[in-house]
Amino acid sequence: MSGAEVLEGQHAAETRRAARALLKKPLLLATGASSDEFRLVRKHASELRAWFDRNTGWPLRVDAGSARLGRTPATHTDSTHPAREATRAASPFTRRRYVLLCLALAVLERGEAQVALGRLAQQVVLEASDPQLADAGIAFTLERRDERLDLAAVVRLLLESGVLRRVAGDEEAYVSGTGDVLYDVERRVLAGLLAGRRGPSTVRAEGFEERLAELSATAELDSDELRFRAIRQSLTRRLLDDPVLYYDTLTEAELGYLTRQRGFLTARITEMTGLVPEVRAEGIAMVDPHDELTDIRMPESGTHGHITLLLAEHLAAAGEQVPLAALERRVREMAGAHGGFWSKGAREPGAEPELVRQALAKLVALALVTRTEEGVMARPALARYAVGEAVVREPGTRRNIPRQRGPVGHLPVD
């Protein structure tokens, strides 16, 4: 290879690594664990900014201290990927924690360069006394331990995001009422945290859905070129974000555009991110060969991962809707055969509903099943977890590994 070809290959590899870093963590800091990725993003900021703007509509802002990709979902109806605690448990945020997060951000935006957790709590309580919040049934005193735990979870998320930097103290001392914590406020990071297309204070709609739509609305599309651009960006966002893009979830215009431009769209994504398309009769999934760009993995080790995989196999083989009660009975049956590999709590009588709930939460988030009022229905991508029949061959013959059944037999869900 010539020197120019080597340099070109290095440039492409660096740009791809930077794009993947932004997809994995849309807010990168110049210091800390993501400093190497930040330097790559800053080095190739112009190219990355142009690609994301053209293909997704996500703005990229880079300064000396941080890089922020304004990543927004193509749809606002998916509640399966919540914010999570910055702890090993990684519990999903509740409604109360989301409200506390918004109030804390409002306080920090108007505050000083440093803040104590106790002072932040006082200001949050004052903000929560707003009559509109009271009318919505929201009230905080932060006198109870569970409320202080919620505020500590919010603060840890802001620490992980780089909005706050701990100077002294520990959140556990605040929760137990024995101490306080002092933070530096990184105002430039704070200013770029929101990813909406317009400032929340400019939204005039009343209802939640209407306010959300207005917050993320784009300019009116008055030409075919702009409409096609909007469709291309929406499809690219879904291919990057969703475990599987099912054709039956698209509008007629989106499906027509994807049918004509599928090769072009997937090739551009592959070139920039390294994701590989797998196309089947029902949809498309962009697979990550390096298993990095996913927040939910399957299969997964541990008791819950094992139960989820066993239930996936069961649902894939069922071929019809399965009631929740039947899934709970199935878990009881599986405990007899596989309980020796499970935790003690999972083998206890009465544990089945919670085990099924956790398994279904993962399967729904991966677009493998759909919850209905009557039970659970498998989606096409679940066919990759169906167990095929074993094929026995005579010694000395070529080994044949049976393929999984179903029209989407190898459709990945990462």
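Quick notes
- You will find that of GLU352, GLU292, GLU300, the residue that is at pLDDT below 95 and over 30 Å from ARG17 (Cβ atoms) is GLU352 and no other.
- Members of the stretch 267-304 found to be among the hydroxyl-bearing types (Ser, Thr, Tyr), touching a helix residue (DSSP H, G or I) at 6+ places or on another chain (Cβ under 7 Å) and more than 30 Å from LYS344 (Cα to Cα), listed by number: THR273
- Within the stretch 8-35, being among the hydroxyl-bearing types (Ser, Thr, Tyr) and surrounded by fewer than 16 Cβ atoms within 10 Å (Cβ to Cβ) holds for THR31, SER35.
- Residue selected from the stretch 340-372 under the condition part of a helix (DSSP H, G or I) and basic (Lys, Arg), by the criterion farthest from LEU327 (Cα to Cα): LYS344
- The lone criterion from (1) in the same structural domain as GLU147 (by TED's automatic domain parsing); (2) of a type outside the set (Lys, Arg); (3) in contact (Cβ under 8 Å) with a residue 40 or more places away in the chain; (4) assigned to a loop (DSSP other than H, G, I, E, B) left unmet by GLY57 is number (1).
- One residue from LEU250, LEU239 being of a type in the set (A, V, I, L, M) and either farther than 30 Å from GLU8 by Cα or in contact with a Pro (Cβ under 7 Å, 6 or more places away or on another chain) (or both): LEU250
- Taken together, PRO289, PRO353 contain a single residue that is under 20 Å from the mean Cα position of the chain (by Cα) and either within 20 Å of ALA378 (Cβ to Cβ) or not hydrophobic (A, V, I, L, M, F, W, C) (or both), which is PRO289.
- When every residue of the stretch 132-147 is checked against the conditions, none turns out to be in contact with a helix residue (DSSP H, G or I) (Cβ under 7 Å, 6 or more places away or on another chain) and closer than 17 Å to LEU194 by Cβ.
- Residues that are touching a Leu at 6+ places or on another chain (Cβ under 6 Å) and not in a loop (DSSP other than H, G, I, E, B) within the stretch 197-234 comprise ARG227, ALA230, listed in sequence order.
- Taking first residues from the stretch 335-358 that are more than 24 Å from GLY375 (Cα to Cα) and partners that are of a type in the set (Ser, Thr, Tyr) and surrounded by 14 or more Cβ atoms within 10 Å (Cβ to Cβ), the Cβ contacts under 6 Å between residues at least 6 apart in sequence or on separate chains come to TRP342/THR303; SER343/THR303.
- Flag for VAL62 being farther than 24 Å from ASP295 by Cα, in contact with a helix residue (DSSP H, G or I) (Cβ under 8 Å, 6 or more places away or on another chain) and outside the structural domain of VAL189 (by TED's automatic domain parsing): yes
- If you check ALA74, ALA89 for being in a loop (DSSP other than H, G, I, E, B), at pLDDT below 85, under 17 Å from THR218 (Cα atoms) and among the aliphatic types (A, V, I, L, M), only one passes: ALA74.
- Options ILE307, ILE296; residue that is in contact (Cβ under 8 Å) with a residue 40 or more places away in the chain, in a loop (DSSP other than H, G, I, E, B) and β-branched (Val, Ile, Thr): ILE296
- Figure legend. Inter-residue proximity from the stretch 313-327: first residues at pLDDT 90 or above, second residues aromatic (Phe, Trp, Tyr), beta-carbon distance below 6 Å, spacing 6+ or different chains. Indicated pairs: GLU313/TYR385; ALA316/TYR385.
- The lone exception for ARG297 - which of (1) buried (at least 16 other Cβ atoms within 10 Å of the Cβ); (2) of a type outside the set (Asp, Glu); (3) closer than 29 Å to ASP241 by Cβ it fails: (1)
- Filter pass, TYR183 being modelled with pLDDT of 90 or more, surrounded by 13 or more Cβ atoms within 10 Å (Cβ to Cβ), assigned to a strand (DSSP E or B) and not assigned by TED's automatic domain parsing to the domain that holds LEU27: yes
- The stretch 373-383, subset touching a helix residue (DSSP H, G or I) at 6+ places or on another chain (Cβ under 8 Å) and in a helix (DSSP H, G or I), residue surrounded by the fewest Cβ atoms within 10 Å (Cβ to Cβ): ALA383
- Hey, LEU327 crowded, with 19+ Cβ neighbours inside 10 Å, closer than 25 Å to SER79 by Cα, out of contact with any His (no Cβ under 6 Å at 6 or more places or on another chain) and not assigned by TED's automatic domain parsing to the domain that holds SER343 or not: no
- The set of residues in the stretch 148-180 that are part of a helix (DSSP H, G or I) and touching a Ser or Thr at 6+ places or on another chain (Cβ under 9 Å) comprises ARG148, ASP150, ALA153, ARG156, GLU172.
The values are calculated or read from the model by the stated rules, or taken from the named source; none is laboratory data. Fair warning: this is a prediction, and the values are worked out from it, not measured in the lab. Cβ coordinates were reconstructed from backbone atoms using ideal geometry, including for glycine residues, and neighbour counts include every protein chain displayed.
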